[in-house]
Every structure is written in structure tokens, then in C-alpha cells.
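See structure below.
The values are calculated or read from the model by the stated rules, or taken from the named source; none is laboratory data. Here the structure is a predicted model, which means the values were calculated and not measured. Cβ: placed from backbone, ideal geometry, glycine included. Neighbour counts: every protein chain shown. Areas reflect the complete protein model, heavy atoms only, side chains present, ligands, DNA and RNA absent. Shrake-Rupley method; radii C 1.70, N 1.55, O 1.52, S 1.80 Å.
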Amino acid sequence: MDIPSKYNPSETEDKWYEYWQKHKFFESDPDEREPYTIVIPPPNVTGVLHMGHMLNNTIQDVLVRRARMMGKNALWVPGTDHASIATEAKVVGMLKERGINKSELSREQFLEYAWEWKEKHGGIILEQLKKLGASCDWRRTAFTMDDSLSESVLKVFIDLYNKGLVYRGVRMVNWDPQAKTALSDEEVIHKELQSKLYYVKYKVEGEDNHIVIATTRPETILGDTAVCVNPQDERFKTFHGKNIIIPLVNRVVPLIQDEYVDMEFGTGALKITPAHDENDYKIGLKYNLPGIDIFNDDGSLNERAELYVGEDRFVVRKKIVKDLEEKGHILKIEDYINKVGFSERTDAVIEPKLSLQWFLNMKELAKPALENVMNDSIKLFPPKFKNTYRHWMENVNDWCISRQLWWGQRIPAYYYGENPGPNDYVVAYTIEDALLLAKEKSGNKDLTADLLKQDEDVLDTWFSSWLWPISVFDGIRNPDNKDMKYYYPTNDLVTAPEILFFWVARMIMAGYEYQAEKPFKNVYLTGIVRDAKGRKMSKSLGNSPDPIELMKKYSADGVRVGMLLCSPAGNDLLFDELLTEQGRNFSNKIWNVFRLIKSMNVDEDMEQNPETKIALEWFENKLNAAIIEMDEQYGRYRLSDALMSIYRLFWEEASSWFLEIIKPGFEKSISKKSYDAILVNIEKLLALLHPFMPFITEEIWHYLKDRKDGESLMISPMPLAGKVDEIMIEEFERVKQIITTVRNIRNEKQIPMKETLTLHYKINEGEFFEKYVPVILKLANVSELTEVEENPEGGVSFIVKNIEYYLPIGDKIDTEAELKRLEAELEYTIGFLDSVKKKLANERFVSGAPEAVVLKEKEKLADAESKIASLKIQIISIK
């Protein structure tokens, strides 16, 4: 086969992806093999591929491709999340472009438009993942609003309601005024802002006195229903039992005393706004205070505020401060840094608001989820996240699961009667079931379906995705089905630490609640992808490259390698486009090495030369050592380290030392035996590289020899490690040191590589390894390597492991320069010896370090002492 001079990824990638799909290599069904399962963290149906997806899905593909090559029945389940808030916002935007307002549509009409949008845009990100090489079983692609998954979600809601864990009630919630829906605590991002702290004077009723209260939200003064001080605070004792007048609205409210108030914070007095602050709400319940909700759902003020009705909250903030100043209520205004909650989806400032919502009691559900992470039944990588997880789980709040949206699973609660009371509802899967329950609960046997009205809200998107590892296998509706028994629990989950609680933890809760089993065994937590300056990538900063364009420029393999070169588990990834360029360069290096090997002239009758035999033996040991090292790194989810192991093996050993030794001279041949052995090693290297670089490795693998249709590297066995001769590896390092030193001397003395030299050695201690002489002769271009008793004159000397080497170069030597070099080396070695001595004199090091480490330091000590003695002799001989 003619091998192109340059690797063409654009042709190769599409060709092999189609080939893999045609032969159904990604597909998995239960059989007798050990399963290996990953479920994809479903990207939002609104999404397009970004750098975070690239990292996450590259890691998943590496794991699943390796498992497949390890002989496991590997399944990677793909899918998307319906993303209620984000999708509804996209649909509303689409409707606006068409001149349609959501308010003009019925629920059914809006959902028709939503499904239209989903069908047009919803599959984009999955198609983009194919460009990356994602080896998902696309037959199994799931969507969180598929009929089967939606039915599972509703059945779980009904089950939890019947268990008394789902309840309906008025609570303080995080309200997103832009999306006009409640959010869970986990969907709120807290940011530090430069704000203002307003010191406001509240008049004491019937007196010419006032109490000063500091607030960052003066617009909420209109909803104040009390002022609170600490009962021990001497400053306010004269006001106990008195009333306070709220500025501007002149509402008379009580001054209450509670030890909740921190006397050292602010002025020591708090305004109490039960409808718009979580802590004030609790105080309000304790003292039976009224709650005045002054905000409309869009963040504007309503009639209960009395002033500024219909105006936006932030417009009102400016106006009320001006009015308070004009009426003498502002004592002072200070700059103040505080944390403000923002909606994770819309970036609107969250408004704490009393609202009637549906909640899930999390306390009991959290117990097995906490216990099984703490005892490592489920392992987090890196384990440092266990502390964060424990803190969250020990302080878990009830989950607000209702959203004031139309896109999502509609809550299966039905209100009955002409004017339903707060408890006049039932929960059921169908209206027919609801009618039966409503008749029973109400005692009204004549109740009809037209008097039932389903709840308008939908369930939080996370309430569907927390079931993902179960629902993709239909484990809620059919808990004992074949797929569930075979694939569940899944093996690895790859996700980001920022969703450790509101997705990972909840999936664990659901797993133990509905399968009495963990949903996955290991959780690999990636870092956040940042730019080279450490900034989080975002469209607004313009620092987030388009992954598709990157792959066009640097190839999918190049981008995969670039991402993994800088992505240690759990630590943020500082992405630089130079890394993807490095990945592409690595691809080119692999291609060029392969082409060089395939261009060798093979002689069927030729005997194997000694240096090639040594090189093959040495490289096989290096290869086996790398396999052992990579297996250990995979076991600890150190994927970047595993990539670096094979990267270094190829770049530093295979393409340099190994290739240099085996490469025949100009117009010379290589033996058939050597060539076949080289191809075996290349095939092993390709297999080790394949999970990281699937496209180029598949391409080269098919060029190595004739393959049948249906054969593929991706389903070939992963190489297993053979025995490793550590002594040979160590000896060869000395050989490399000898060759490198001779080459360096040639460079310094400007002696061309083609000029043959002689090399001599003198053994002071230890032994010289004759077997490596052919390698040294070839790579150092020396005609002979002989032992001598005395130092030859006119030579440059160096020491490798207590053996002195002499390179006679006649008048090419500069005695003064050589003396300087030897004295500098002596000075460095004495300093090195001192550092080793200090380490070995440290009692804690000697007693605490592993025996092998201490032994290594003692070897360093002996080598340094021997080298110093030899260097002193050489210096004397030159002088």
C-alpha cells in the first residue's frame, strides 16, 4: 500500500468513525463478558460543544475504549437533558423573533413550539461529540423527556409522595424574576459584589428618638413587619415593649427581642422582612409576624408595597434612597462588599420570596448516600472532595422540586372542587386514577373529571436527571429487567465538582432508594477548563475557542491529547492552544516514524545484527514497564500521567534511541526477523495509544499489514505486561549516557559525526557490559571500544558509574578549557555529595522513608565519592 507522505486527519477521522459505526463496534448488549458501563452526564439540549464537554467526554472515551480493549463488554450511554429553564428561554426567544408572545399561547401550543425547537437544535451537541470520536452506543441515546423517562420521573414523584417525603407548602424560596420560577439552593451562584450599606433611621412611636438599622436592600423596607434587637443589648433596653414606625409607609410594628441578633454586627438592630429573607422568615414564624410580599413574579413592586407600584426593584432602590434622604431617614451610606445570589441559568439576581411550592424531604434519603461515600463503597477521585461532600450532606436542606414553567414533566397533582382548599388535591399518574382518589378523599361520589385541575408547575430538571443511571435502563418501570441486572451499577461517572451535590449526590440517593445499590462505583471529578491566565472560559471574555474549529485545525486526536496533557483529576485545567498544537505534532511524529519503518528494505536471508537484537530486548522491557506503569495510573484515574507515560515512551525512547539503533544505514537492509519484531512492538504502541488517539492509531494499524473487513484496533486486545528486566533498563541508561557524552564532546570540539573516533575505558569499580558495545559503536560512531590501564594522552575524559572513559582527540583538545570543565564538575559533585550526606544524616528521613529510597540515596553517596576521586586524578594528570 502506498503510504501518504503526510497524515490527513480530515479524511481519516470521518472514514474510521463511519467504519466503527458500520460494524457496530460501539454497540453493547448483555452477554457472558464482564460489563463496563458509563452513562454520559447528559448535556443540555440547548447546548453546543464547549471546552468543558471536550475534556469530560475525552476522558469518558479513553476509559470506555480501554475497557473494550481489555475484553470487557463496554457500554457508553449517550443522551441529553431537557434543561427546563434554559430551553424555555430559547423557545421564548424564538417566538419573539416570530412576533409571538408566550402569554398569547396555551400550554399545548407553547409545547408544540418547544418540541419543534428541540427536534431542530437538540441533537447538535451529540453530533459534535461524534467528531471527537466518542464511542457511544447511539442506539441507546436517551432524552430526559422521552416517554419512558418521563413516566419514570412521575412514578418516582408519586412514590415519594405516598411515602410522605414529597410535600406541598409555603416556604422561602430562591426566586428567579427573569425565568419567573423558584430555584433550588444549588442553582444559585453567589458572587461577591461592591454594594452600598444604607444606615436608615427608624422612628420610635410616640418619642423623639430613633433606632438606626443598616441594610443593603432598602427597597425591602416596604415589607418590614418588625424591628429586632438582642435582649442583652444595653443600647436598646429603654425601647423594649415599644413600637417602631417604618419609614415612608408609616407602618407601626413591634420592637421584638431575640438572641439571634449579633450585638457586634452592624448597628445591633435588624429590620425584619419575613416575606423576603430566609432568616427573617424564621423569626416571623417564631413571633407570629405577618409577611408582606411586595414583589411581583418579575421583580417589580406590587400593590402591597404601597409605593413605587409596577416599578422594577433596582429602579426602586435608587428612588427609595433619594426619598429617604429627602425625608431625613438616611444617617450615612458606606461602600460594602457582600455576596449576592444569582440564577445559575439566567444570571438574574435572586429574590428570596415566600411561595407555595413542592418540596422533597432529603434527610433520610441523604443518610445512605453519605455513608457509602465516606466508607469508599463509592470512591471519589480525587478523594479530597469527600470533605466537601460530607459538609453538604450533613447540612442538606429540603429540595424545592417545583418550577413555574411549561417545559418539563408536569406535576401529577390534581386539585378538585369548584374552589379547592389548600389540601383539596390528590397525586396520581392519570386523571382517571386522580378522580377515584379525589372521590374517596372528598367523600363526594358525584365528583366529575371536569372538576379536576392538574397542577400548572413542572418538576425541576434535576428531578429527572437524578434517576439517569436507572432510567436509561428502564429500571424504575421494570426494576428487574435484563439491562438493569447486567449494567447496573455502572462503573465510572465523569463529571465536574460543581455538580457534585445537586447531581452526583442525588443520583446516589436515588440509587439506594430505588435499587438498594449504588449507581456507580467511581466518580472521576474533572477540573474547570480555564485559559492560560487562569480565567474561567466564557463567551463574554472571548477566551473560549470553538472545539469544532480546533479539531479542524489540529485534528481530533491532537485536541484530545492537548486536553489531557494538562488535566490532572480534580484540578483546574489551564488550557493553551499550544497544547493542541503539541498534540498534532505528536500525531505527525507517530506518522513519520511509521513511514520510516515501513520504508525499510527487508532482507529475508539476512542474520539479525547484534545492536538490533539488543535494542529489541531493551525496548520490550521498556514497553512492559510502561504497561505496568499505565495500568497503575489508570487504576488511580491518573489519565494525564498515563498519557505522559506512553507519550514519553514513544517520543523519548521509541522514536529516538530505538529507531536510531534499528535503522539500517544508507542503502542497507534489515533482517526479516528484526523487522517483524519491530512491527509487533509498533502494534503494541498503537494499542496503548488508541484510547487517547483513536483515529491515527486505527489508520496506521490498517497499514501495518493486510486486514480483513470488520477487523479493528479498537476491538483488539490491549497488550499485557510481560516480565521487566530492571537491571537491563538501568544498564541501558548508562549506555545512553556514554553515547550522549561522546556526542556532546563532538559538538563542543566541532568534530563531525561522520568522523570515526576511538573510545577507551578504565574500570575503577564495578564491571563493564560488553554486550552493549555494538550499540555504542553505532550511535557514537567509534571504531573500537577498548580497556586501558592508564589514561591516554590528548584525550577528553568522563565518568559513567565509576568507569572512566577516554576519547583521544589529539590536538583538538583545549587543555585549559578541559581543566575548567573538570573543576566545575568536581565542584558540582562535591555539592551534590554534601546534599546526599545531609539527607542521610536526617533521622526522620532514614527511619520514615521506604527502604528502597534510602538504599538509592546510599548508592548516590558511593557513586559521588567514587566520581570525586576519579575527577581529582584527571585534574592532576592534566596539570
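Spin-label point model (7 Å from Cα, Cβ direction): what's the I830 to W115 distance in nm?
Distance between label points: 8.7 nm.
Heads up, I need the accessible area for E440: 1.4 angstrom probe, whole protein in place, Å², nearest 10.
140
Considering only protein heavy atoms and a probe of 1.4 Å, how much of the accessible area of the chain is carbon and sulfur, as a whole percent?
49
Note down the relative contact order for region 23-112 as a percent, whole number, built from C-alpha pairs under 8 angstrom at least six residues apart.
Numbers: 77 pairs, mean separation 32.9, N = 90.
Averaging sequence separation for qualifying contacts and normalising by length gives 37 percent for region 23-112.
Could you state the number of Å between the C-alpha centres of region 77-145 and region 571-622?
Answer, in whole Å: 46.
Nothing charged except the Cβ atoms of Lys and Arg (+1) and of Asp and Glu (-1): what's the magnitude of the dipole of region 408-481 about its Cα centre? Round to the nearest 20 debye.
Values: 6 positive and 13 negative charges, 20 e Å.
That gives a dipole near 100 debye.
Using the heavy atoms of the protein chains and a 1.4 angstrom probe, tell me the accessible area per residue for region 57-145 in square angstrom. Show your work: numbers first, answer last.
Values: 3330 Å² over 89 residues.
Ligands and nucleic acids excluded, the result is 37 Å² per residue.
Grab the Cα-Cα distance for F768 and N478, subtract it from 0.36 nm times how many residues apart they are, and report the gain in nm with one decimal. Provide the component values of the computation, followed by the final result.
Values: separation 290, 0.36 × 290 = 104.40 nm, distance 7.09 nm.
Stretched out fully, the F768 to N478 stretch lengthens by 97.3 nm.
Answer with one residue from P547, I670, L649: the one whose Cα lies farthest towards the positive end of the charge dipole of region 539-698, charges on Cβ with Lys, Arg +1 and Asp, Glu -1.
Comparing the listed Cα positions along the dipole, P547 ranks first.
List the lysines whose alpha-carbon lies under 19 Å from that of K203, not counting same-chain residues fewer than 8 positions away?
Cross-link targets: K237, K242, K271, K322, K327, K332.
Starting from 0.36 nm per residue, how many nanometres of slack lie between R648 and D446 once their C-alpha separation is accounted for?
Result for the pair: 64.8 nm of gain on full extension.
Tell me the mean residue ellipticity at 222 nm calculated for the chain from its helices only (DSSP H runs of n ≥ 4, each -39500 (n - 2.57), averaged over every residue, nearest 500).
The helix-only estimate for the chain comes to -13500 deg cm²/dmol at 222 nm.
Given the Cα-Cα distance of K533 and L307 and 0.36 nm per residue of separation, how much length would full extension add, in nm?
Numbers: separation 226, 0.36 × 226 = 81.36 nm, distance 4.76 nm.
Contour length minus Cα-Cα distance gives 76.6 nm.
Which value, in Å² and to the nearest 10, is the accessible area of H391 when all protein chains are kept and the probe is 1.4 Å?
Result for H391: roughly 110 Å² accessible.
Loop-only check: which GluC sites (Glu not before Pro) in region 530-608 are DSSP coil with at most 10 other Cβ within 10 angstrom?
On the way: sites: E549, E577, E581, E604, E607; in loops: E604, E607.
Taking region 530-608 and a limit of 10 other Cβ atoms within 10 Å, the loop GluC sites (Glu not before Pro) found are E604, E607.
Enter the accessible area per residue of region 481-597 (Å², integer; probe 1.4 Å; all protein chains in place). Show your work: numbers first, answer last.
Values: 4240 Å² over 117 residues.
Dividing the accessible area of region 481-597 by its residue count gives 36 Å².
Please determine, in degrees from 0 to 90 and to the nearest 10, the orientation of helix 694-704 with respect to the longest principal axis defined by the Cα atoms of the chain, where the helix direction is its Cα long axis.
30
Compute the label zone of E259 within region 219-244: residues whose backbone N is under 11 Å from the point 7 Å along Cα-to-Cβ.
Of the residues in region 219-244, 231-232 have backbone N under 11 Å from the label point off E259.
Please give the net charge around P547, taking every other residue with its beta carbon less than 12 angstrom from that of P547, where Lys and Arg add +1 and Asp and Glu add -1. Spell out each step's value before the answer.
Working: positive: K131, K552, K553, R560; negative: D546, E549, E577.
Once positives and negatives cancel, what remains is +1.
For F845, tell me the accessible area in Å² from a 1.4 Å probe, rounded to the nearest 10.
Here the accessible area works out near 50 Å².
How about region 717-751: which trypsin sites (Lys or Arg not before Pro) there are in a DSSP loop, with at most 15 other Cβ atoms within 10 Å of their Cβ? Could the numbers behind the result be given before it?
Numbers: sites: K723, R734, K736, R743, R746, K749; in loops: K723.
Passing sites in region 717-751 are K723.
Defining a contact as two alpha carbons under 8 Å apart and six or more residues distant in sequence, what relative contact order in percent does region 341-433 show?
Values: 65 pairs, mean separation 22.9, N = 93.
Result for region 341-433 is 25 percent.
If you line up the long axis of helix 313-326 against the longest principal axis of the chain, both from Cα atoms, how many degrees apart are they, to the nearest 10?
Approximately 60 degrees, to the nearest 10.
Taking only Cα atoms, what is the 0 to 90° angle, nearest 10, from helix 851-878's long axis to the longest principal axis of the chain?
Rounded to the nearest ten degrees, it is 40.
Let me spell out the model: positive unit charges on the Cβ of Lys and Arg, negative unit charges on the Cβ of Asp and Glu, origin at the Cα centre of the chain. What dipole size does that give, in debye rounded to 20? Show your work: numbers first, answer last.
Details: 115 positive and 142 negative charges, 152 e Å.
Roughly 740 debye for the chain.
With +1 assigned to the C-beta of every Lys and Arg and -1 to the C-beta of every Asp and Glu, and no other charges, what is the dipole magnitude of region 468-582 about the Cα centre in debye, to the nearest 20?
Values: 14 positive and 15 negative charges, 31 e Å.
Using only the charged Cβ atoms, the result is roughly 140 debye.
Pull up the cross-link candidates among the lysines for K872, meaning alpha carbon to alpha carbon under 26 Å and not fewer than 8 places away within one chain.
K736, K749, K762, K801, K812, K820, K837, K838, K839, K856, K858, K860
Round to the nearest 0.05 the FRET efficiency obtained for E334 and K237 when R0 = 22 Å and r is the Cβ-Cβ distance. Display every interim value, and only then the final one.
On the way: r = 27 Å, r/R0 = 1.22.
With a Förster radius of 22 Å, E is 0.25.
Probe radius 1.4 Å, ligands and nucleic acids left out: which of T740, T46 has the largest accessible area, and how do the rest follow?
Working: T740 55, T46 30 Å².
Greatest to least solvent exposure: T740, T46.
Choose one of V735, T756, A142: the residue whose Cα lies farthest towards the positive end of the charge dipole of the chain (beta-carbon charges +1 Lys, Arg; -1 Asp, Glu; about the Cα centre).
A142
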